[in-house]
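Read through the structure below, which is laid out as structure tokens, and then see the notes.
The values are calculated or read from the model by the stated rules, or taken from the named source; none is laboratory data. These numbers were taken from a predicted model, which means no experiment stands behind them. Here the Cβ is made from the backbone with ideal geometry for all residues, glycine too, and neighbour counts use every protein chain on show.
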Amino acid sequence: MRWLAALLTAAALAGCGGTASTSAFGETTLALGPEPSADEAGVYLATERDYDGGEGVELELTREGPADFRLVARPPAGCVAVLAVVRPAKLVLCADEVTLREERAKVVAVARGLARGYLQAQREPDEAVEAMLTQVPGLDRDELSAQVDDAVATWTAGARYFGELAPGPGRDPSVAADAATGP
């Protein structure tokens with residue numbers, strides 16, 4: 001009977017993949033723009049479905065204050081663009097330069113989790129809208145749905161893979177490339 005209990009316990013722990021893998025990098029903060037936008041739909045789908053946890057990170061979303069990662073049109077000083085969200089680099093994920101230098105695997109994990117969220121949001125825009133509505137109270141469903149429908153094509157337009165970023169000052173395109181190729 002003890003072997004059955006041990007087997008059931010092992011099976012239960014194996015089923016908690018998101019929780020176990022979250023410990024790899026732990027919590028990290030992602031700062032979004034001051035106002036919710038349809039271009040954040042992939043972020044909300046990624047956090048709702050635990051795509052970030054599947055990569056070993058737990059994204060804590062904020063709209064202000066210090067953060068290891070930011071979703072911005074223009075990265076501030078000390079933040080390196082690592083993933084194009086709206087093509088061509090109109091909205092990027094940027095990583096704190098110290099985090100990028102000292103915890104590159106974490107940066108790739110965040111990029112990979114978000115890429116999965118955005119790609120799935122393109123396939124399931126209604127579910128992405130629902131994820132946003134659940135996590136951001138007060139949004140208008142019809143307006144957000146129309147905005148997401150307009151936005152989804154811009155996330156991969158002209159790119160070989162989601163997040164493809166051209167080289168240049170203040171950019172590290174290798175992160176997006178590594179996120180696209182998998183572990």
Problem - Single match in 48, 60, 55, 64 (criterion: of a type in the set (D, E, K, R) and modelled with pLDDT under 95) - result: 64
Completion exercise
Scanning the range 62-85 for residues that are assigned to a strand (DSSP E or B) and surrounded by fewer than 19 Cβ atoms within 10 Å (Cβ to Cβ) gives 62, 72
Completion exercise
Looking across the range 100-123 at residues that are among the basic types (Lys, Arg) and without any contact (Cβ under 8 Å) to a residue 24 or more places away in the chain, the single one that is farthest from residue 75 (Cα to Cα) is 123
Exercise for the section: Can you work out which of the residues in the range 160-178 that are assigned to a loop (DSSP other than H, G, I, E, B) and among the aliphatic types (A, V, I, L, M) is surrounded by the fewest Cβ atoms within 10 Å (Cβ to Cβ)? Expected result: 166
Completion exercise
Within the range 141-158, residues in contact with a Leu (Cβ under 9 Å, 6 or more places away or on another chain) and either of a type in the set (Val, Ile, Thr) or farther than 16 Å from residue 120 by Cα (or both) come out as 141, 144, 154, 156
Fill in the blank from the handout: Across the range 130-154, the tally of residues that are farther than 15 Å from residue 71 by Cβ and outside any helix (DSSP H, G or I) stands at 4
Exercise for the section: Name the one entry in 157, 89 that is aliphatic (A, V, I, L, M), farther than 14 Å from residue 38 by Cα, in contact with a strand residue (DSSP E or B) (Cβ under 8 Å, 6 or more places away or on another chain) and not in a helix (DSSP H, G or I). Expected result: 89
Handout entry: Number of the exception - residue 145 against (1) touching a residue at least 60 places away in the same chain (Cβ under 8 Å); (2) under 25 Å from residue 62 (Cα atoms); (3) not basic (Lys, Arg)
Key = (1)
Practice task
Scan the range 93-113 and give yes if some residue there is closer than 16 Å to residue 41 by Cβ and assigned to a helix (DSSP H, G or I), otherwise no.
Solution key: yes
Exercise for the section: Kindly indicate whether residue 117 is small (Gly, Ala, Ser) and not in a helix (DSSP H, G or I). Expected result: no
Completion exercise
Only unsatisfied item for residue 111, checking (1) at positive phi; (2) buried (at least 23 other Cβ atoms within 10 Å of the Cβ), is (1)
Practice task
Out of 10, 24, report the one residue that is in contact with a Gly (Cβ under 8 Å, 6 or more places away or on another chain) and at pLDDT below 95.
Solution key: 24
